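Chemist: Below are the structure tokens for one structure; questions will follow.
The values are calculated or read from the model by the stated rules, or taken from the named source; none is laboratory data. Here the structure is a predicted model, which means the values were calculated and not measured. Cβ sites come from the backbone with ideal geometry, for glycine too, and all protein chains shown count toward neighbours.
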Amino acid sequence: MTKKKSFLEFVSDTRFIHILLSIILGFLVGAIFLVIMGISVGGAYGRLLSSVTGVKGFSYVVVYAIPYIVVGLSVAFSFKTGVFNIGAEGQFVVGSMAAAVVGILGGALPKPLLIPLCFLAAMAAGAIWGIIVGFLKTRWGINEVLSMIMFNWIAFYLSNFIAGIPAIHSDGTAEATKNVSANASTLLSKDFINSMGLCPTANWGILVAIAMTILVWFIIEKTTLGYELKAVGYNKFAAEYGGIHVNRSILTALAISGALAGLGGALQLMGMGGRISVFSSQEGFGFAGIVVALIGCSNPFGVLIAGIFYGALMYGGSKLNLVGAPTQLVNVIVGTVVFFIAISVIFENLKRIQRRAPKTQAPANTEKEADKT
Amino acid sequence: MSKQYVDLNTPVIEMRNIVKKFGDFVANDGINLTVHKGEIHAILGENGAGKSTLMNQLYGLLKPTSGDILVNGKIIDMNNPRDAIAAGIGMVHQHFMLVQPFTVTENIVLGTEPQKGISLDMATARKNVVEISERYGLSIDPDAKIEDISVGMQQRVEILKALYRGADILILDEPTSSLTPQEITELIAIMHNLVKDGKSIIIITHKLKEIKESADYCTIIRMGKYIGTVDVDEVDENGLASMMVGRNVTFKVDKPEQEPGEVVLDVKDLHCKDYRDIEIVKGLNLQVRRGEIVGIAGIDGNGQTELVEVITGLRKGVSGQVLVNGVDVFNKPPLFGFEHGVSSIPADRQKHGLVLDFSIEDNLILQNYDKEPFSQKSILKRDPIFAHASQSIEKYDIRPKQSEKRPAGTLSGGNQQKVIIAREVQNDKDLLIAVNPTRGLDVGAIEYVHKYIVDQRNKGKAVLLVSFELDEIMSLSDIIDVIFDGQIVASIPGKEANENDLGLMMAGGKKA
């Protein structure tokens, strides 16, 4: 296309702009609520901005973002391959618990051995959680969305059960597991944190998240595996006709997606808390992953940025009560953003405004319709 | 046609000097069209000539860049299909827009349902539907679900939908592309019934025979330009074809005599069931040898679809053998058959043939993405993939050019088919199965497709051709096998076949 696009067409045809518009609208809607509540919009958003900037603030954002990015990748990968991994929540939980068990019981192992072991255990647990659902789907045609939601609860209670086993349960009074061994921690050294002025939970999990971003992009775009999985995702009939094993592909896609979500659980555990509390409700990392994947357009690098954005909202949001604004405001913003992304088709109608104007025919929708004759 | 219902004094549609540009691309360049009351008017043009673009403007889906549209003598500003419907225009799209789990009645009244208070008045709806279907001789079961009725019936529902909304002018976009010959005959009768009742019909097609059989006048469009409007009685098919493509078209397929070689495909006593679990292939035997084209002639529903699905591994059979070069591929996955010499052009190109969201270059390697040079050690090699696509686009005349990276879904139907043919012919397997390979294609493209199929035969490959176009079977096949009720009931040399005998055998009658 050599034809220069008008501004409105550019806006209406560019996915990235849709996302940006959705985010702006999210903040606008948030502002309306602030006005209703009589809270200064500038004060609240100023606080939001100031708490996520600066070395310390941003390091918090990055730490918050790590699990969101990796779980977001898990969901984005599933979108690309035609399965909807709403079970990332459960995979995150089993992954986190697997890492905790290895990190507690294998505490004597040296760091270079224990950390990879924790990661592997978490990925295996997440992958198995995904494969079970995939097996139910491919073997008996059971809808994966339903079984995943149930498996989220199974993971939830399984995690609470394991946390209660004496070998795992905290020796103190806390309703939680023991802390994982220091050898299983991804925290940066105290000296480094202090000298750089980072937040106390600064850890190198972000490097793993970035590596995973590149890996997922590589698998999807560059490998024959990605080709197979995408072909099955887009049109399983043609894929089967072309000789691709459809069921095997679905299982592989769910295993990879599950492994990523499980890894997200391990990174969260090993970089932040160091132990798992007995849950009273689902933590929602898997559902946050869906939001991040949507904002990131299921593109791995988009997910990386969206994860950091989400982390910033979550961390910044937790500071809002300092200016008298409710923390829940960020949920309003996130909800609105997702809402507008979901209906972002409306932005494509922007060009109609121009089309209606006489004599300035917008050469819209160019290529597709021209060939359809 | 006798034009007995055409009222030349009453033009119902006039499109004057219509120009439609998409960016720099001119899809319609000064098209004129006049349709009168009681007239069947055909719009003829190759794939991509601009027929659908023109009709989409008439139906309010697109707005002309310049030019006027008059309905019943008044200039109408069409902004959307609602304006067109209000003006009495109805359109039946090539791909039907029906809600599969709904009944015929529910589909017809959809959006204009009669109501009783706040609830649906289905009894009245059903009565209205029965009334309108009887009035125009479009018999239909008002209570059947769409998913259970044939394509021909679904088309009737689409036509009734338009009539129910008060359409006086019907646009039929490629109405015969998915119909069996019997259904086509019925459709033409329906069209005649409608014009008798004072309706006007615009039919978009590239099938010359049907134009001759049904239309009064024909407007020809070539590469977006208006070529002319002719009285159908005054031109023959060759004349129409050359106006459409701008050169002389040969309908004859040039096929040298050649002795067939050893057997490649040997189907022995095959039994299989259809989706309802009823036996549909009942002990079928079939052989295809090197260097010959075997055509399967038969009415849809006699087991040919299932036969091909079993050979290509998409459907499990009950019993029997499917030998390809001596290897039994019966009930093996598609990949097994492919590796042992089966390639195929599937009947449903959008479902089985292509991944529409994939680029053309990715579609062209659907079976070979994991082989060199397209990948090495599981890593895709983009340069060879692109180069392969470029030369395929060139060699198989896939349009538009430079479309390697474009999603296959953006191509026209004919060009999508060329992508599949490019892929399957280049796979160069010993057996090529082609199912309705020219469905929906224009004569220019059909000529290409037939040439590629005959080329494979000439190279010593075995070709199994399944087609509902009897002309196609007769002009290409060395052997014609007639399928009826799940068995091959006759096998005759292509040269000796004639349409009447074949038609009789296809209907289950024995040859005299």
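Chemist: Right, residue B:152: within 27 Å of the chain's Cα centre (by Cα), assigned to a helix (DSSP H, G or I) and modelled with pLDDT under 85 or not?
Modeler: In short, yes.
Chemist: I'd like to check which helices (runs of 4 or more DSSP H) are fully inside the range B:45-132 and have at least 2 residues that are surrounded by 22 or more Cβ atoms within 10 Å (Cβ to Cβ) and in contact with an Asp or Glu (Cβ under 9 Å, 6 or more places away or on another chain).
Modeler: B:51-58, B:104-109
Chemist: Condition first: closer than 25 Å to residue A:123 by Cβ, modelled with pLDDT of 90 or more and of a type outside the set (A, V, I, L, M). Can you find one or more residues in the range A:45-64 that meet it?
Modeler: Yes; the residues of the range A:45-64 include at least one that is closer than 25 Å to residue A:123 by Cβ, modelled with pLDDT of 90 or more and of a type outside the set (A, V, I, L, M).
Chemist: As an exercise: evaluate residue A:276 against (1) crowded, with 24+ Cβ neighbours inside 10 Å; (2) more than 14 Å from every other protein chain (Cβ to nearest Cβ); (3) modelled with pLDDT of 90 or more and give the number of the one condition it does not meet.
Modeler: Unmet for residue A:276, out of (1) crowded, with 24+ Cβ neighbours inside 10 Å; (2) more than 14 Å from every other protein chain (Cβ to nearest Cβ); (3) modelled with pLDDT of 90 or more: (3).
Chemist: Considering only residues of the range B:303-348 that are in contact with a Pro (Cβ under 7 Å, 6 or more places away or on another chain) and not in a strand (DSSP E or B), which is nearest to residue B:437 (Cα to Cα)?
Modeler: B:312
Chemist: Run down B:442, B:481 and say which single residue is crowded, with 22+ Cβ neighbours inside 10 Å and more than 12 Å from chain A (Cβ to nearest Cβ).
Modeler: That would be B:481, the only listed residue that is crowded, with 22+ Cβ neighbours inside 10 Å and more than 12 Å from chain A (Cβ to nearest Cβ).
Chemist: Of everything in the range B:338-348 that's closer than 13 Å to residue B:420 by Cβ and crowded, with 24+ Cβ neighbours inside 10 Å, which residue is farthest from the other protein chains (Cβ to nearest Cβ)?
Modeler: Among those that are closer than 13 Å to residue B:420 by Cβ and crowded, with 24+ Cβ neighbours inside 10 Å, it is B:345.
Chemist: I'm trying to understand the selection: among the residues of the range A:184-203, which are touching a helix residue (DSSP H, G or I) at 6+ places or on another chain (Cβ under 8 Å) and either surrounded by fewer than 16 Cβ atoms within 10 Å (Cβ to Cβ) or not in a helix (DSSP H, G or I) (or both)?
Modeler: A:185, A:186, A:187, A:196, A:197, A:198, A:199, A:200, A:201, A:202, A:203
Chemist: Given the range A:86-183, what helices (runs of 4 or more DSSP H) lie entirely inside it while holding 2 or more residues that are free of Cβ contacts under 8 Å to residues at least 12 places away in the same chain?
Modeler: By residue number, A:111-140, A:144-164.
Chemist: Please state which one of A:340, A:347, A:309 is out of contact with any strand residue (DSSP E or B) (no Cβ under 7 Å at 6 or more places or on another chain), modelled with pLDDT of 85 or more and farther than 30 Å from residue A:199 by Cα.
Modeler: A:340
Chemist: Within the range B:21-40, is even one residue of a type in the set (Asp, Glu), within 14 Å of chain A (Cβ to nearest Cβ), surrounded by fewer than 17 Cβ atoms within 10 Å (Cβ to Cβ) and not in a strand (DSSP E or B)?
Modeler: Within the range B:21-40, one or more residues are of a type in the set (Asp, Glu), within 14 Å of chain A (Cβ to nearest Cβ), surrounded by fewer than 17 Cβ atoms within 10 Å (Cβ to Cβ) and not in a strand (DSSP E or B).
Chemist: Follow-up question, since we're still on this one. Just checking, how many residues over the range B:349-377 are at the interface with chain A (Cβ under 8 Å from one of its Cβ atoms), surrounded by fewer than 19 Cβ atoms within 10 Å (Cβ to Cβ) and part of a loop (DSSP other than H, G, I, E, B)?
Modeler: The total comes to 3.
Chemist: With the checklist (1) at pLDDT 90 or above; (2) among the hydrophobic types (A, V, I, L, M, F, W, C); (3) within 24 Å of residue A:178 (Cβ to Cβ) in hand, flag the one item residue A:108 doesn't pass.
Modeler: Residue A:108 satisfies every listed condition except (1).
Chemist: Here is a further query. Looking at (1) without any contact (Cβ under 8 Å) to a residue 24 or more places away in the chain; (2) surrounded by 24 or more Cβ atoms within 10 Å (Cβ to Cβ); (3) aliphatic (A, V, I, L, M), which is the only condition residue B:462 fails?
Modeler: The one condition residue B:462 does not meet is (1).
Chemist: Looking at the range A:318-329, is at least one residue within 14 Å of chain B (Cβ to nearest Cβ), surrounded by fewer than 19 Cβ atoms within 10 Å (Cβ to Cβ), more than 24 Å from the chain's Cα centre (by Cα) and modelled with pLDDT of 65 or more?
Modeler: Scanning the range A:318-329 turns up no residue that is within 14 Å of chain B (Cβ to nearest Cβ), surrounded by fewer than 19 Cβ atoms within 10 Å (Cβ to Cβ), more than 24 Å from the chain's Cα centre (by Cα) and modelled with pLDDT of 65 or more.
Chemist: For the range A:25-41, enumerate the residues that are surrounded by 12 or more Cβ atoms within 10 Å (Cβ to Cβ) and in a helix (DSSP H, G or I).
Modeler: Selection gives A:25, A:26, A:27, A:28, A:29, A:30, A:31, A:32, A:33, A:34, A:37, A:41.
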